[in-house]
Amino acid sequence: MRKYDIFGRKISQIKAFYYLFFIFIFLVVGYLLVTNIQNNRYQDLVQEERVIQRQINTLLQNTNQVTYHEIGEIIQYLPNTFDQNKVHRELEYVRNLSGLSLASNYQVSYQLDAATPFTHSLPSTIKFISMSVTFQTDSPDLILDYIDNIYGQDTLYYISQMNVSYQIEGVVSVSVLIYTFYNDVILT
């Protein structure tokens, strides 16, 4: 290898090694820096995951417990009469609240003095009303909202059965059998 270039200057073989050494040091420092940044970011995400998990656990522990009462405990709080207009307004409100206001063929048929849907015996003053709700919709995900909103009303409802049939055109036919009841006693 030559020691002088064409202009007569001495060629230094060590300059190339310095460049390679500085590039190597730069790459090692860059690798360590990126690794450190990624580890810090990972630790932050782990801490955030722990906080979110604690919040989820707190929410799960603080959820309201569902309390079931015997009929003897709630009989005094049942209404004494059946107000069909009030129930019809509630069902219309639930329909609109659930986003089913555009549902086609929405019909509610009432059967006063229906048989009890329960297997155990109840006092003879408890009267049942069955309501058959039928409609068609192209948004099947709104059906569960409809059911949840029914349970959220002030009137006590019992959903005995629900049939959902999918048709070829993407339309869903829904039939729901709902019961409500009242305590037929005369208050003095």
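Couple of notes before you dig in:
- Only listed residue being exposed (fewer than 10 other Cβ atoms within 10 Å of the Cβ) and modelled with pLDDT of 90 or more, chosen from Ser109, Ser121: Ser109
- Unmet requirement for Ile150, which otherwise passes all of (1) within 20 Å of the chain's Cα centre (by Cα); (2) loosely packed, with under 12 Cβ neighbours inside 10 Å: (2)
- Qualifying residue in the range 77-87 (condition: over 30 Å from Asp184 (Cβ atoms), among the polar types (S, T, N, Q), out of contact with any strand residue (DSSP E or B) (no Cβ under 8 Å at 6 or more places or on another chain) and part of a helix (DSSP H, G or I)): no
- Filter result for the condition that a residue is β-branched (Val, Ile, Thr) and either touching a residue at least 60 places away in the same chain (Cβ under 8 Å) or surrounded by fewer than 17 Cβ atoms within 10 Å (Cβ to Cβ) (or both), over Thr137, Thr81: Thr81
- Residues satisfying the stated conditions in the range 139-170, i.e. part of a loop (DSSP other than H, G, I, E, B) and either out of contact with any Ser or Thr (no Cβ under 9 Å at 6 or more places or on another chain) or on the phi > 0 side of the Ramachandran plot (or both): Ser139, Pro140, Asp141, Gly152, Gln153, Asp154, Ile168, Glu169, Gly170
The values are calculated or read from the model by the stated rules, or taken from the named source; none is laboratory data. Model, not experiment: these values are computed from the prediction. Cβ: placed from backbone, ideal geometry, glycine included. Neighbour counts: every protein chain shown.
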